[in-house]
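Coordinate-derived values only; no laboratory data. Since the model is a prediction, treat every value here as computed from it, not as a measurement. Positions of Cβ are generated from backbone atoms using ideal geometry, with glycine treated the same way; all protein chains shown enter the neighbour counts.
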Amino acid sequence: MKVAVIGVGHVGLTTAACLAADGHEVVGLDDDEARIDDLQEGAMPFYEPGLDDLVRAEAKAGRLRFSHEPAEAIPGAEVAFICVGTPTRADGSPDLSAVQRAAATVATHAQSPTVVAEKSTVPVRTGERIKQALALEAQAQGGASAHEVVSNPEFLREGTAVEDTLRPDRVVVGADTERAHAVMRRLWQPLLDRHDCPYVATDVRTAELIKHASNAFLATKISFINSVARVCERAGADVETVADAMGHDPRIGRAFLNAGLGYGGSCFPKDVQAFLHIAGDLGYDFGLLRETERVNREARLWPVAQLRRLLWNLSDKTVAVLGVAFKPGTDDVRAAPALDVIEELSAEGATVRIHDPVALPNVRDRFPEVTRAEDVTSCLDGAHAVLLATEWDEYVQLPPARLAQLLAYPIVVDARNAWDADALRAQGLTVARVGAPQVEVLPGL
Ligand SMILES: NC(=O)c1ccc[n+]([C@@H]2O[C@H](COP(=O)([O-])OP(=O)(O)OC[C@H]3O[C@@H](n4cnc5c(N)ncnc54)[C@H](O)[C@@H]3O)[C@@H](O)[C@H]2O)c1
């Protein structure tokens, strides 16, 4: 089938490449001309494991093209995916102006009835707004819209986006007509033929809501375990063992029960806020989500409190922060917890050195005063403490003896509970862990 993908960011580019891999003829469209120029030359706009090879292979096979000209992408497409950003506005509501512009692009350039598929995460009932925009545009041009609008939410995770898209846990399609359902089923059939997963066919509103409910639930699970961590710290218990034991219960599951710095990235913070806002607009106060957000903000304060406790004044201290990406496997720093921590450390007068295997270029403008270390060794060398903020393998595998040798003071704050605390302690290091009993004997005493 001929497919247009509007917005070739993390979601759009992955969707476009994977649809091409399943035999569809895909054109990726973006209004960022530099991004399209780069893609046409085979350069990737962001780091996502495996995506560069797939994009290049599908482009070479002629199934995937890129353009900034709607006239080259939209006419003839049976399905036009909207994969543009939906950032948060000051009041917490999502900014849907890019979605509206993308819909207008279809209205202006489609020459035959097209199924417009929302893949961007949007509030429930956005489908009706898109339908309205298409209808008004058609009327303005003296006709009637024959386009249909469906919701096909995306559940990929950055870092494993290709695998998640090629082999999803489920495909959710919301449509309000048989015809639209049939088109979408035909689109996904090659995937379903090679990968067995549930295909959830529903109406547009329900599909829109599934996405926000899923992300809000996962975020709440993270905040739940972070609250349990706060109780563990005060009670002298260990949250990791609590989470492991809870996770053995299949009704609970171990995933997303990782106490740490809380959730970040381009989706959870934005989607929780949006869902809270939408519920409010619909007359329901989803207070649980407000609490999820409060606990998440609190989680980001933990490392600096630990460093203060272990180092006393931070003003004359050097802290090595390992990791700035919001999680391993990506260079995305949007709403990354490490950024707040770095800001707070700097505000307290600490000298901050940061390292990340791939994300440093993305924080160049935000922290001009912070030293961006070229490698882990120069980040750690002579620092008074190390803070593990993103659990990249490269950091997790660091030999404890190496840490002990490089640090000026033997102080480790593991904000991801990723290091083997006993092995670190065996090297004479003092280790603060999330949701563990507080360090009783201060380092040096
Ligand atoms: N990133 C994720 O892990 C993820 C997962 C699931 C869902 N989502 C949702 O998918 C949507 C896109 O997220 P993303 O991370 O891919 O965003 P992104 O910022 O990486 O990419 C968005 C792209 O859309 C382009 N764009 C914006 N307006 C446009 C327009 N009118 N016409 C053409 N191109 C336009 C931008 O230039 C950019 O390239 C969001 O709603 C997000 O919540 C993201």
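Taking S67, is it small (G, A, S) and within 11 Å of the ligand (Cβ to nearest atom)?
For S67, the condition - small (G, A, S) and within 11 Å of the ligand (Cβ to nearest atom) - is met.
Give the residue that is nearest to the ligand (Cβ to nearest atom), with candidates limited to residues of the stretch 231-268 that are closer than 23 Å to A421 by Cα and basic (K, R).
R254
Of all residues in the stretch 424-445, how many are of a type in the set (G, A, S) and under 32 Å from the mean Cα position of the chain (by Cα)?
Residues in the stretch 424-445 being of a type in the set (G, A, S) and under 32 Å from the mean Cα position of the chain (by Cα): 3 in total.
Name the residues in the stretch 148-195 that are farther than 20 Å from A213 by Cβ, within 16 Å of the ligand (Cβ to nearest atom), in contact with a helix residue (DSSP H, G or I) (Cβ under 9 Å, 6 or more places away or on another chain) and among the charged types (D, E, K, R), would you?
Passing the criteria: E158, R167.
Wholly within the stretch 140-215, which strands (runs of 3 or more DSSP E) include no fewer than the required count, namely at least 1 residues that are polar (S, T, N, Q)?
Here the list reads 148-151, 199-202.
I'd like the residue in the stretch 35-48 that is within 11 Å of the ligand (Cβ to nearest atom) and under 15 Å from E69 (Cβ atoms) and, out of all such residues, is nearest to the chain's Cα centre (by Cα).
Out of the qualifying residues, it is R35.
What helices (runs of 4 or more DSSP H) completely inside the stretch 241-335 contain at least 1 residues that are in contact (Cβ under 8 Å) with a residue 40 or more places away in the chain, more than 27 Å from P357 (Cα to Cα) and small (G, A, S)?
Because the criterion is at least 1 residues that are in contact (Cβ under 8 Å) with a residue 40 or more places away in the chain, more than 27 Å from P357 (Cα to Cα) and small (G, A, S), the helices (runs of 4 or more DSSP H) in the stretch 241-335 that meet it are 268-281.
Can you work out which of the residues in the stretch 12-26 that are within 12 Å of the ligand (Cβ to nearest atom) and farther than 19 Å from V358 by Cβ is surrounded by the fewest Cβ atoms within 10 Å (Cβ to Cβ)?
G12
Go through the stretch 206-230 and report how many residues are within 16 Å of the ligand (Cβ to nearest atom) and of a type outside the set (D, E, K, R).
Of the residues in that region, 12 qualify.
Within the group S93, S67, which residue is surrounded by 16 or more Cβ atoms within 10 Å (Cβ to Cβ), more than 29 Å from V272 (Cβ to Cβ) and touching a helix residue (DSSP H, G or I) at 6+ places or on another chain (Cβ under 8 Å)?
Of S93, S67, the one residue that is surrounded by 16 or more Cβ atoms within 10 Å (Cβ to Cβ), more than 29 Å from V272 (Cβ to Cβ) and touching a helix residue (DSSP H, G or I) at 6+ places or on another chain (Cβ under 8 Å) is S67.
What pairs come up if the first residue lies in the stretch 78-106 and is part of a loop (DSSP other than H, G, I, E, B), the second is among the acidic types (D, E) and buried (at least 16 other Cβ atoms within 10 Å of the Cβ), and their beta carbons are under 8 Å apart, counting only those six or more places apart or on different chains?
C83/E154
Please state which of the following conditions G236 fails to meet, knowing it meets all the rest: (1) within 27 Å of A432 (Cβ to Cβ); (2) surrounded by 18 or more Cβ atoms within 10 Å (Cβ to Cβ); (3) in contact with a Pro (Cβ under 6 Å, 6 or more places away or on another chain).
Status for G236: all satisfied but (2).
Please count how many residues of the stretch 246-264 are farther than 16 Å from V228 by Cβ and surrounded by fewer than 22 Cβ atoms within 10 Å (Cβ to Cβ).
The number of residues fulfilling the criteria is 2.
I'd like to verify a number: residues in the stretch 109-130 that are closer than 19 Å to G76 by Cα and surrounded by fewer than 22 Cβ atoms within 10 Å (Cβ to Cβ), how many?
4
Take the residues of the stretch 72-102 that are within 9 Å of the ligand (Cβ to nearest atom) and touching a strand residue (DSSP E or B) at 6+ places or on another chain (Cβ under 8 Å): which is farthest from T177 (Cα to Cα)?
Top of the filtered list is P87.
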